[in-house]
Amino acid sequence: MICVVLEAIVLGLIIGKIRGGQFKRLGTTTLRFSWIILLAFSLRLAVSVMISLGQPLVIQYRMIFYLLSYSILFIALFFNMHFKCMWLIAIGSITNFLAILLNKGSMPINMTTLENFGFSNMMTSIELGALPQYIPMEEAALYSIYLGKGLSMPSIYPLKQIFSIGDLLMAVGIFFLVQHMMSSSLYHKTSKILHFDHKSKLPL
């Protein structure tokens, strides 16, 4: 998920610049509790790294850490729903959380796609239980098979990765959010007010 999010941010910045946006406008549209959003993603990243390193305490209580990180994220998203694209991020986060929750702390992943992409080491680690944050798609509970990591980019895309529908929704939402912030209506509105005030001055 982290890689997909980073790609969405980078692509959003590039396309936003091409469309005439400016990086300095990113600061004119304020995200409420932005530090909480950063904290939630940082916690998710830390948990993934610790699990990959085989930390038994994190592995055992990973569901609690996931619950904490997603709760923090949902709170921050709730206070930013005035951004339309934030709905995509929220829905994507919910679907990812449901997939993990239904599978007791593990995200279903398509093993065939892993093999086709040459991720043999990762596939072996999942089969041996060395990466408990993932389970084969065939072992997914209920309908979570549709929420797991089973999607991939076309072969012409330079970066090979597998993602879920939730990852995709979050990436699209972040992509449009970055562009919105770069061409912020708030920035234009402020500029118009300043221009009006200047013209409305009476001559001395």
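The values are calculated or read from the model by the stated rules, or taken from the named source; none is laboratory data. As the structure is a prediction and not an experimental result, all values here were calculated from the model. Every residue, glycine among them, receives a Cβ derived from its backbone with ideal geometry; neighbour counts consider all protein chains shown. Note: accessible area is taken over every heavy atom of the protein model, side chains too, but ligands, DNA and RNA are not part of it. Shrake-Rupley method; radii C 1.70, N 1.55, O 1.52, S 1.80 Å.
Criterion applied to 83, 74, 65 was being more than 15 Å from the chain's Cα centre (by Cα), closer than 23 Å to residue 102 by Cα, of a type in the set (Phe, Trp, Tyr) and open to solvent by less than 90 Å² (accessible area, probe 1.4 Å), and the one residue passing it is 65. Within the range 120-136, being touching a residue at least 40 places away in the same chain (Cβ under 8 Å) and under 17 Å from residue 164 (Cβ atoms) holds for 131, 133.
Within the range 157-166, how many residues turn out to be out of contact with any strand residue (DSSP E or B) (no Cβ under 6 Å at 6 or more places or on another chain), more than 10 Å from residue 3 (Cα to Cα) and not hydrophobic (A, V, I, L, M, F, W, C)? The qualifying residues number 4. Apart from one condition, residue 21 fits all of (1) free of Cβ contacts under 8 Å to residues at least 24 places away in the same chain; (2) open to solvent by less than 80 Å² (accessible area, probe 1.4 Å); (3) out of contact with any Leu (no Cβ under 8 Å at 6 or more places or on another chain); the exception is (1).
So that you can scan it fast, the table gives a plain yes or no per residue for (1) modelled with pLDDT of 85 or more; (2) touching a Leu at 6+ places or on another chain (Cβ under 9 Å); (3) surrounded by fewer than 17 Cβ atoms within 10 Å (Cβ to Cβ); (4) assigned to a helix (DSSP H, G or I):
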site: 4; (1), (2), (3), (4): no, yes, no, yes
site: 17; (1), (2), (3), (4): yes, no, yes, yes
site: 25; (1), (2), (3), (4): no, yes, no, yes
site: 30; (1), (2), (3), (4): no, yes, yes, no
site: 40; (1), (2), (3), (4): yes, yes, no, yes
site: 43; (1), (2), (3), (4): yes, yes, no, yes
site: 46; (1), (2), (3), (4): yes, no, yes, yes
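Assess whether residue 99 counts as being within 30 Å of residue 183 (Cα to Cα), of a type in the set (Gly, Ala, Ser) and assigned to a helix (DSSP H, G or I). So residue 99 fails the test.
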